[in-house]
Amino acid sequence: MTAFLLKRSTQSLLVLFIMSLLVFSGVNLVGDPVEMLINPEADQEDVERVIRELGLDRPITEQYWFFLVNAFKGDLGTSFVFGEPALKLIIQRMPATLELAFFSLFISIIFALPLGIYAGLKPESKISKLIMAGSILGFSMPTFWVGIIFIMIFAVHLGWLPSTGRGEIGTFMGIHSSLFTLDGLSHIFLPALNLALFKLSSIVRLTRAGTREIIHQDYIKFARAKGLSENRVINTHLLKNILIPIVTVVGLEFGSLIAFSTVTETIFAWPGMGKLIIDSIYNLDRPVIVAYLMIIVFFFVFLNLIVDILYTILDPRVRIQGSK
Amino acid sequence: MDNILKIENLKTHFFTKNGILKAVDDISFNIKRGEIVGLVGESGSGKSITGFSIMGLIDAPGKIVSGNILFNNHPLLNYTPDQMRNLRGNKLAMIFQDPMMTLNPVLRIDTQMIETIKAHDKTISVRNAFEIARDTLGLVGISSPEERMKAYPHQFSGGMRQRVSIAIAMLNKPDLIIADEPTTALDVTIQGQVIYEMQELCKKTGTALLWITHDLAVVAGIASRICVMYAGRIVEQGSVKEIINNPMHPYTIGLIKSVPSQNKRGEPLHQIEGMVPSMLNLPDGCAFHDRCNQATNNCKNSKPLETNFSKTRVIRCFNFER
Ligand SMILES: Nc1ncnc2c1ncn2[C@@H]1O[C@H](COP(=O)(O)OP(=O)(O)O)[C@@H](O)[C@H]1O
Ligand SMILES: [Mg+2]
């Protein structure tokens, strides 16, 4: 296990390094941040002072080297706009985004597993066909459009739920989250549902496909031949087997849930990282953009590792290489 | 008559898009308490479907269309689904062909055994169930069963896995085990061991056995009676001696001729002419007529009925006396 972790960590560092190279050069190719930051009436001297202060007069290779050295010290640069460390800005907004992502994931799984299993067990029934049609809709409707429709129906028309912002924050076992207050839950519900829709659809389809395959396996028939109740057959023998592919996909896509929360956060004015990155792109706040992208990459790499470890727990046939 | 199982005119048909497939078509046979009966036939002749029909495990598009299954004199076709569930794995158990596929790959052996006990005895403690399971595992020849209980199926060889399946079938001391080609997927040496062990176990516990196989030689060694199945029907049944020494149905005669044996060494193996017919469009009349060298016009046009030749012997053929 240690050998496996060591190997994977090295690989992860390599991926992070390559990504930093791509991200850094990519971001430095577009636009001129100085133009955005400086008062149009400022004179040449002021402009040059700002350029020097931001380090933008140095060659790009040197800038990158500085970035890399500082990154190792945990400093991903200072925001041009806020004048604060980029990492700090992002981490401040991370809980809001993580809570949104977790809650949507929770919603997707809670609804998708039963729906998918039902559709897999009774593929010919009308309800199953409805579920599958719904999942195609969930796939193909653009997130921003659905978000706006949600706001129009539930916030404006019916007035049931608030449409913008994060609610009151509560504390439970030392964790601060808006999930712990009623006001917070009412605020998170619409954006979470909006963000969940795509994931929900894909997990429904995945669960259905898994169910259809596993249900015809001999070990399911044998489980029935042992006289187990149908509940036990489905909830243990079937579910444990379909969870293997689902955990992989859900785990790997959790990163994309965070990445794609930008759209939802913008529509619902959710004060998370996603909204920060959009604002930063408008302002060409390079350090924040780079730091954000690096953190997203880090999430993906980290989640990959978690999924691999979960895999070995769920599927005893998979032995971690190097652990023998 | 002390029959543990009595099957009368059982028909199990599959209503497929391409027509009605008569997988089991009017079969009747009995198994006495503690008796071992062999059900022999080529692949696709309806042996497994016979087993699943008894177990009440026929799924759509399949359906038992008529007949009777009496288990311990109780008509199983009148049982509610829950009564059937309670019988399965309890007094009536089944073992499948491929030991690599019958155990759930993600559940430990102890889980898969204990759940089988608890499904039929809600009040038993996990500790007690564990002990019963462990002892049964020892009974089927698995060494250090206490430790092996913690293992996953992939940590066992094929032969060992089949022993685990046998142990699971034996857990609740069944009156009848349906063994569906339990040794077909195993190496020949292991095959012999498993057959011997099962025979001994059943003798010891008084469990009756329906041994399904395509291998006449295997079943001749352990069964007391044999049913020969062809295209969904039992064409001939009788004691092992009757069937092996004096086969009467042309299909059985062909089957026995095609078994390799000591005193025919060097001679080319016999082969039954023609092909197994497609179950979806069986010929009119006797399903075997176009492969039979004694077939007459009668065989082509009308289905032979079952004839009781002796007390133990039943044949479905017009021409067997010749
Ligand atoms: N689920 C099913 N749907 C349609 N036909 C089936 C199904 N299961 C089995 N059959 C058909 O029933 C016949 C008997 O099958 P089976 O009892 O499995 O044969 P075997 O003697 O090899 O065990 C075969 O022709 C098979 O194609
Ligand atoms: Mg079969």
For this session: Could you look through segment A:107-122, keep only residues that are part of a helix (DSSP H, G or I) and free of Cβ contacts under 8 Å to residues at least 60 places away in the same chain, and pick out the one that is farthest from A:Gly255 (Cα to Cα)?
Result: A:Tyr118
For this session: Kindly state which helices (runs of 4 or more DSSP H) lie completely within segment B:123-179 and contain at least 3 residues that are within 11 Å of chain A (Cβ to nearest Cβ).
Result: B:158-170
Exercise. Does A:Gly210 qualify as being assigned to a helix (DSSP H, G or I) and open to solvent by less than 50 Å² (accessible area, probe 1.4 Å)?
Worked result: yes
Problem set entry | Number of the condition not met by B:Glu200 [criteria: (1) without any contact (Cβ under 8 Å) to a residue 60 or more places away in the chain; (2) more than 26 Å from B:Asn172 (Cα to Cα); (3) of a type outside the set (Gly, Ala, Ser)] | (2)
Exercise. Out of curiosity, is B:Met101 within 30 Å of B:Ser125 (Cα to Cα) and within 16 Å of ligand 2 (Cβ to nearest atom)?
Worked result: yes
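Looking only at segment B:55-64, filter to residues that are aliphatic (A, V, I, L, M) and within 16 Å of ligand 2 (Cβ to nearest atom); which one of those is most open to solvent (accessible area, probe 1.4 Å)?
Narrowing segment B:55-64 to residues aliphatic (A, V, I, L, M): B:55, B:57-58, B:60, B:64.
Narrowing the set further to residues that are within 16 Å of ligand 2 (Cβ to nearest atom) leaves B:55, B:57-58.
Working: B:Met55: 0, B:Leu57: 11, B:Ile58: 38 Å².
Among them, the one singled out is B:Ile58.
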Exercise. Hey, does segment A:263-280 have a residue that's small (Gly, Ala, Ser), in contact with a Leu (Cβ under 7 Å, 6 or more places away or on another chain), modelled with pLDDT of 80 or more and within 30 Å of B:Pro105 (Cβ to Cβ)?
Worked result: no
For this session: Search segment B:78-116 for residues being in a loop (DSSP other than H, G, I, E, B) and in contact with an Asp or Glu (Cβ under 7 Å, 6 or more places away or on another chain), and hand back the single one that is farthest from the other protein chains (Cβ to nearest Cβ).
Result: B:Lys91
For this session: Return a yes/no flag: does segment B:12-19 have any residue that is of a type in the set (Phe, Trp, Tyr), within 9 Å of ligand 1 (Cβ to nearest atom) and within 18 Å of B:Met229 (Cβ to Cβ).
Result: yes
Exercise. Quick one: in segment B:42-58, which of the residues that are among the hydrophobic types (A, V, I, L, M, F, W, C) and not in a loop (DSSP other than H, G, I, E, B) is nearest to ligand 1 (Cβ to nearest atom)?
Worked result: B:Ile49
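Considering only residues of segment B:91-103 that are away from ligand 1 (no atom under 16 Å from the Cβ) and open to solvent by less than 30 Å² (accessible area, probe 1.4 Å), which is modelled with the lowest pLDDT?
B:Pro99
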Exercise. Being within 14 Å of chain B (Cβ to nearest Cβ) and open to solvent by 10 Å² or more (accessible area, probe 1.4 Å), is that true of even one residue in segment A:292-311?
Worked result: yes
Exercise. Which residues, counting only those in segment B:65-77, are buried (at least 20 other Cβ atoms within 10 Å of the Cβ) and either assigned to a strand (DSSP E or B) or within 16 Å of ligand 1 (Cβ to nearest atom) (or both)?
Worked result: B:Ile69, B:Phe71
For this session: Look at B:Val37 and say whether it is more than 16 Å from ligand 2 (Cβ to nearest atom) and in contact with a His (Cβ under 6 Å, 6 or more places away or on another chain).
Result: no
Exercise. How many residues are open to solvent by 10 Å² or more (accessible area, probe 1.4 Å), within 14 Å of ligand 2 (Cβ to nearest atom) and more than 14 Å from chain A (Cβ to nearest Cβ) if we restrict to segment B:180-229?
Worked result: 2
For this session: Would you check which residues across segment A:213-267 are facing chain B (nearest Cβ under 8 Å) and assigned to a loop (DSSP other than H, G, I, E, B) and list them?
Result: A:Gln217, A:Lys226, A:Gly227, A:Leu228, A:Ser229
For this session: Taking the residues in segment B:208-227 that are away from ligand 1 (no atom under 16 Å from the Cβ) and within 22 Å of B:Ala185 (Cβ to Cβ) as candidates, determine which candidate is modelled with the highest pLDDT.
Result: B:Leu209
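Restricting attention to segment B:2-21, which residues are away from ligand 2 (no atom under 16 Å from the Cβ) and either open to solvent by 30 Å² or more (accessible area, probe 1.4 Å) or outside any strand (DSSP E or B) (or both)?
B:Asp2, B:Lys6, B:Glu8, B:Asn9, B:Lys11, B:Phe15, B:Thr16, B:Lys17, B:Asn18, B:Ile20
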Exercise. Within 16 Å of ligand 2 (Cβ to nearest atom), of a type outside the set (Lys, Arg) and either farther than 23 Å from B:Gly254 by Cβ or buried (at least 22 other Cβ atoms within 10 Å of the Cβ) (or both) - does that describe any residue in segment B:163-170?
Worked result: yes
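The values are calculated or read from the model by the stated rules, or taken from the named source; none is laboratory data. Everything quoted here is computed from the prediction, not taken from an experiment. FYI the Cβ positions are ideal-geometry reconstructions off the backbone, even for glycines, and counts take in every protein chain you see. Ligands, DNA and RNA are stripped out before the accessible areas are found, and what is left, the full protein with its side chains, is counted by its heavy atoms. Shrake-Rupley method; radii C 1.70, N 1.55, O 1.52, S 1.80 Å.
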